[in-house]
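The values are calculated or read from the model by the stated rules, or taken from the named source; none is laboratory data. Keep in mind it's a predicted model, so treat the numbers as computed, not measured. Every residue, glycine among them, receives a Cβ derived from its backbone with ideal geometry; neighbour counts consider all protein chains shown.
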Amino acid sequence: MNLKRRTQGIMSLETYFWGFYNTLCNADEIARILTPKTAQDYLLKLRANATVEHVRIFRVLRSRMIEYGDAWNFTASFDQSPFENYKTLLTDQDREAVHGVACGFVFCNEPNGRIIKTDFGNVITLSLSLRYFLRFMNLAFLHFNETGIPGDVRGAAIKIALRTMLQSEALDFDLDPRGDIPTEIAQDLDYHTDLQLQFVVGHEFSHYFLGHLDSRNVVDDPFLTGLDSSRPAHRVFSYAQQEELDADIDAIQRPLLDTRERSDLLNRALFFFAYLDIFQAVREQISPSPSHHRTHPSPIDRIHNLLDKFQGQIEIDEHNIANLLRSAKQIKLQLIEDVALNIDSYELYGSIYLGSWHTKKLVDRVDY
């Protein structure tokens, strides 16, 4: 039997991938994924690969696809509003400078945004997990008018947030929301979370504006996908710690905001870093990193950097921030002790629920 005839029954790698993508993507998207020609194509491929490789993520997207029916579009299913809203706050000159820059949410394993260097241009990315992390941390820390949040709900919310960033909490909140959050509180959570994301998006764009994208500072960094086995890591920009601090400041200064709005953005950034400090303390307790391995300034250093810069320029609720830092420090100590005693509850993959706000136990693959 000649070679040509023997290979006729073997599925090509391209055909094999096409079968995966075809369950969620249209023909045009698949062509762009298989042969990327632009930074937007690269972003699409990054999203699609993570989706088809992770069953829970795939099931969430399939559920959305069924819900949307004929109106479904894989690319459009990713929320771009934090990126587009940020651009509306820029001067015409700044907006023109970033026009066409590929940006968006991706499934990745870091709480910070990352900028990828590709052959087609730079891609600004933000972890989709970050939205859930912030949402549940806000549920744990914020006050919502006169509505009281039960203690067991706040405690569970912190753990869900941390497990999300540790990749042990299933990313299926669309299918299994973990509890019945009152509508008014859910709307407030979305509002606060979107404004915090505005700061994080602004921080990543600030690296772009401030000229921090030096090709000499590029490292290999994996995302949540290994489909590209011949190239398992992506080329991601790495910054000096001072550049991180400068980008924090620029993310507050650059947008066209009035005095109240800028103060609000600053205070939300401070909350974000307090949450990040708690997460990093828990992650270090679970898996200590080498003492020399520190790519970012500590979240507390970043808080003080912003306070020092804007003290006297922007109204800061000093009492509220002091309470935040005290509460965060106390909770951090409690969590470190909890990790030592109950580490499995942080590492075992699955779902945990919002205490007394979770009234119905959903059965995986039966209820969703």
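Which residues, taken from the stretch 53-101, are closer than 30 Å to Asp258 by Cα, surrounded by fewer than 15 Cβ atoms within 10 Å (Cβ to Cβ) and of a type in the set (D, E, K, R)?
Asp79, Glu84, Asp92, Arg95, Glu96
I need the full set of residues from the stretch 180-196 which are of a type in the set (A, V, I, L, M) and in a helix (DSSP H, G or I), in order please.
Ile185, Ala186, Leu189, Leu195
Return the total of residues in the stretch 83-135 being at negative phi, more than 13 Å from the chain's Cα centre (by Cα) and of a type in the set (Gly, Ala, Ser).
Number of matching residues: 2.
Determine the pairs where a residue that is among the small types (Gly, Ala, Ser), located within the stretch 125-150, has a partner that is in a helix (DSSP H, G or I) and surrounded by fewer than 20 Cβ atoms within 10 Å (Cβ to Cβ) with Cβ atoms under 6 Å apart, the partner being 6 or more residues away or on another chain.
The qualifying pairs are Ala140/Arg154.
Within the stretch 122-146, how many residues turn out to be polar (S, T, N, Q), modelled with pLDDT under 95 and either within 16 Å of His192 (Cα to Cα) or surrounded by 20 or more Cβ atoms within 10 Å (Cβ to Cβ) (or both)? First the steps, then the outcome.
Going through the stretch 122-146, the residues polar (S, T, N, Q) turn out to be 122, 125, 127, 129, 138, 145.
This time we only want the ones that are modelled with pLDDT under 95, so: 122, 125, 127, 129, 145.
Now narrow it down to the ones that are either within 16 Å of His192 (Cα to Cα) or surrounded by 20 or more Cβ atoms within 10 Å (Cβ to Cβ) (or both): 125, 127, 129, 145.
Result for the stretch 122-146: 4.
In the stretch 243-266, what count of residues is obtained for those that are in contact with a strand residue (DSSP E or B) (Cβ under 6 Å, 6 or more places away or on another chain) and of a type outside the set (Gly, Ala, Ser)?
Within the stretch 243-266, residues that are in contact with a strand residue (DSSP E or B) (Cβ under 6 Å, 6 or more places away or on another chain) and of a type outside the set (Gly, Ala, Ser) number 2.
I'm told Arg178 meets every condition in (1) of a type in the set (D, E, K, R); (2) at pLDDT below 90; (3) on the phi > 0 side of the Ramachandran plot except one. Can you identify the failing condition by its number?
The failed condition is (2).
So which of Ala340, Ala281, Ala240 ends up being surrounded by 15 or more Cβ atoms within 10 Å (Cβ to Cβ) and out of contact with any strand residue (DSSP E or B) (no Cβ under 8 Å at 6 or more places or on another chain)? Walk me through it before giving the result.
Details: Ala340 fails: surrounded by 15 or more Cβ atoms within 10 Å (Cβ to Cβ); Ala240 fails: surrounded by 15 or more Cβ atoms within 10 Å (Cβ to Cβ).
Residue meeting the stated conditions: Ala281.
So the check is Cβ under 9 Å with 6+ separation or different chains; which pairs have a first residue in the stretch 328-355 that's over 18 Å from Leu139 (Cβ atoms) and a second one that's aliphatic (A, V, I, L, M) and part of a strand (DSSP E or B)?
As it stands, the answer is none, since no pair meets every condition given.
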